[in-house]
Amino acid sequence: MATAAIGFLMLLSYFLSLSYGLVQPRRISHGLSETGKYLTRDELWFNQTLDHFSPYDHRRFRQRYYEYLDHLRVPDGPIFLMICGEGPCNGIPNDYISVLAKKFEAGVVSLEHRYYGKSSPFNSLATENLKYLSSKQALSDLAAFRGYYQASLLESLNVKLNRSGKVDNPWFFFGASYSGALSAWFRLKFPHLTCGSLASSAVVRAVYEFPEFDQQQIGESAGPECKAALQETNKLVELGLKVNNKAVKALFNATELDVDGDFLYFVADAQVMAFQYGNPDKLCVPMVEAKKNGGDLVEAYAKYVREYCFGVFGLSAKTYSRKHLLDTAITLESSDRLWWFQVCTEVAYFQVAPANDSIRSHQVNTEYHLDLCKSLFGKGVYPEVDATNLYYGGDRIAATKIVFTNGSQDPWRHASKQTSSPDQPSYIITCHNCGHGSDLRGCPQSPLIIEGDSKNCSSPDAVNKVRQHIIEHMDLWLSQCRGVLRSSI
């Protein structure tokens with residue numbers, strides 16, 4: 001979502017793909033992999049249609065997916081589809097979805113988003129090759145995959161059980177962040193293919209200019225003292241760039257960011273991480289202490305960036321480098337360019353500095369974002385935000401049986417649906433370190449917490465209460481779905 005959109009939805013995607021974010025011989029996977037972080041990392045492949053909207057284009061590409069069937073009740077247990085978002089999908093993460101799979105005796109499958117990871121249709125990411133990268137194509141990918149997987153599962157079970165069953169299993173879709181939006185949009189566009197959807201931290205409302213990101217959330221979450229320290233730090237960084245540009249960037253291990261706007265975007269993104277992913281004290285405690293004691297605020301902030309953002313979270317200044325973002329070769333880091341294309345064509349989320357009382361630099365403005373889009377993809381690229389919201393409905397999405405969840409400290413919740421209704425229950429998980437995807441990931445939201453354990457949340461009860469609501473909605477909607485499926489026999 002712009003660079004904090006990029007830096008973030010990129011990094012988010014990586015951790016959702018510890019992904020989420022959100023199967024050729026059929027097999028049952030056994031045991032957990034990589035010290036329990038994944039339910040499975042065994043890659044499977046599906047031949048996907050390149051252009052779902054052309055009757056003449058029959059090209060296909062290989063799309064990666066995963067399956068985990070250890071908890072599946074044969075033959076009629078539900079299938080949970082965890083949608084992978086804007087990054088490589090490296091397996092099915094062992095977060096709270098594994099707890100739900102056990103409870104509902106469900107199988108879990110996960111499909112990598114087109115273009116990301118190993119699911120690239122082309123050998124180059126030149127702008128002309130990105131024309132099929134869109135949320136609309138991704139939703140049709142999910143529909144096609146669901147049809148394929150259900151048919152192959154039925155065939156496998158019929159052989160195993162020596163029967164001729166033709167009834168679908170009940171399906172339920174899951175996603176967080178961008179993939180949370182996809183989960184909601186899938187229920188909107190293909191209601192007959194899923195019994196319901198969980199849309200965790202789902203950014204369903206495309207936003208052209210998004211000053212609320214800082215104004216309504218980061219400042220509030222930081223509190224008066226930390227906010228004041230961050231504002232002063234930002235002014236000192238801007239002054240330092242004028243006095244000794246290279247020295248300031250070197251302090252942050254970011255000398256590769258030649259464009260000052262890119263560096264200032266990186267500086268702003270780094271502070272967001274603490275609040276978005278449930279580690280506010282990692283940032284605010286040292287910053288407030290430095291300000292109170294007359295310490296070097298820039299050094300204190302740079303230390304936070306080096307030790308937490310780089311050392312723990314895995315952020316890299318390279319993510320913000322135009323040289324890197326212009327690279328059309330397919331690499332492990334291609335997600336940065338790919339998500340920027342979606343930002344620059346569909347959703348924007350331009351995290352501009354608010355007119356007053358801003359924490360981030362005013363150089364991070366609308367012109368900065370539009371210039372970056374033009375630099376990366378050419379003159380004709382522009383975010384069609386109004387068209388996106390018209391097509392999906394924004395936060396007025398007209399669908400049923402979607403659970404929306406958001407963490408109280410997550411700045412992205414202001415692009416989600418926060419009002420509740422019987423058909424679209426919406427819950428805010430309120431606690432000091434409840435950020436992006438808290439319902440699925442627990443606290444902090446990264447690094448990955450096994451089974452999304454809530455014990456480290458400042459209010460475990462707040463997380464567990466929302467999870468209980470999720471279970472109740474799923475139980476009802478899945479039972480209603482089974483009734484429909486049985487009546488169609």
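Computed over protein heavy atoms with a 1.4 Å probe, the carbon and sulfur contribution to the accessible area of the chain reaches 51%. A straight Cα-to-Cα reach below 17 Å connects K249 with the lysines K235, K303, K318, K323, residues fewer than 8 places away in its own chain not being considered.
Using Cβ point charges alone (K and R +1, D and E -1), the dipole size of region 129-243 about the Cα centre works out to roughly 720 debye.
Between region 274-305 and region 103-130, the C-alpha centres lie 37 angstrom from each other. Charge dipole of region 403-489 (Cα centre as origin; +1 on each Lys and Arg Cβ, -1 on each Asp and Glu Cβ, all else neutral): 120 debye, rounded to the nearest 20. Bridgeable aspartates and glutamates around K291 (alpha carbons under 13 Å apart, same-chain partners fewer than 8 residues away excluded): E225, E232, E299. A simple charge model with +1 on the Cβ of Lys and Arg, -1 on the Cβ of Asp and Glu and nothing else charged puts the dipole of the chain at about 1260 debye relative to its Cα centre.
For a test of the definition: using alpha carbon positions, the gyration tensor, and the 1.5 limit on a/c, classify the chain as rounded, prolate or oblate. It would help to have the intermediate numbers written out before the result.
Numbers: a/c = 1.94, a/b = 1.55, b/c = 1.25.
Because a/c hits 1.5 or more and a/b exceeds b/c, the chain counts as prolate.
In terms of the mean number of neighbouring beta-carbon atoms within 10 Å, the peptides 131-143, 99-111, 51-63 order highest first as 99-111, 131-143, 51-63.
Under the classification rounded if a/c is under 1.5, otherwise prolate if a/b is larger than b/c and oblate if not, where does region 276-370 fall, given a ≥ b ≥ c as square roots of the Cα gyration tensor eigenvalues? Verdict is oblate for region 276-370. Taking a ≥ b ≥ c as the square roots of the eigenvalues of the Cα gyration tensor, an a/c ratio of 1.5 or more together with a/b larger than b/c marks region 143-274 as prolate. Note on the chain: dipole from Cβ charges, positive end direction compared against T419, T233, Q409; the farthest Cα belongs to T419. Per residue, the chain exposes an accessible area of 38 Å² to a 1.4 Å probe, with every protein chain left in place.
Taking 8 Å as the Cα distance limit and 6 or more residues as the minimum spacing, I'd like the relative contact order of region 331-463 as a percentage.
Numbers: 187 pairs, mean separation 20.0, N = 133.
Dividing the mean separation by the residue count of region 331-463 yields 15 percent.
Toward the positive end of the charge dipole of the chain, about the Cα centre and with charges on Cβ (Lys, Arg +1; Asp, Glu -1), which of S183, Q63, S459 goes farthest? Toward the positive end, the furthest listed residue is Q63. Simple rule: put +1 on each Lys or Arg Cβ and -1 on each Asp or Glu Cβ in the chain, find the dipole, and look at S361, F341, S316; the Cα lying farthest toward the positive end is F341.
Which of the pairs K102/K401; K118/K160; K374/K401; K417/K455; K160/K189 have their Cα atoms more than 29 Å apart in this structure? Working shown, then result.
Details: K102/K401 22 Å; K118/K160 32 Å; K374/K401 39 Å; K417/K455 27 Å; K160/K189 34 Å.
Correct reply: K118/K160; K374/K401; K160/K189.
Region 368-400 and region 221-240 have Cα centres lying 31 Å from one another.
The values are calculated or read from the model by the stated rules, or taken from the named source; none is laboratory data. The structure presented is a predicted model; accordingly, all values stated were derived computationally and were not measured. Quick reminder, even Gly has a Cβ in these numbers, built from the backbone with ideal geometry, and neighbours come from all protein chains shown. These area figures cover heavy atoms from the full protein model, side chains too; ligands, DNA and RNA do not enter into them. Shrake-Rupley method; radii C 1.70, N 1.55, O 1.52, S 1.80 Å.
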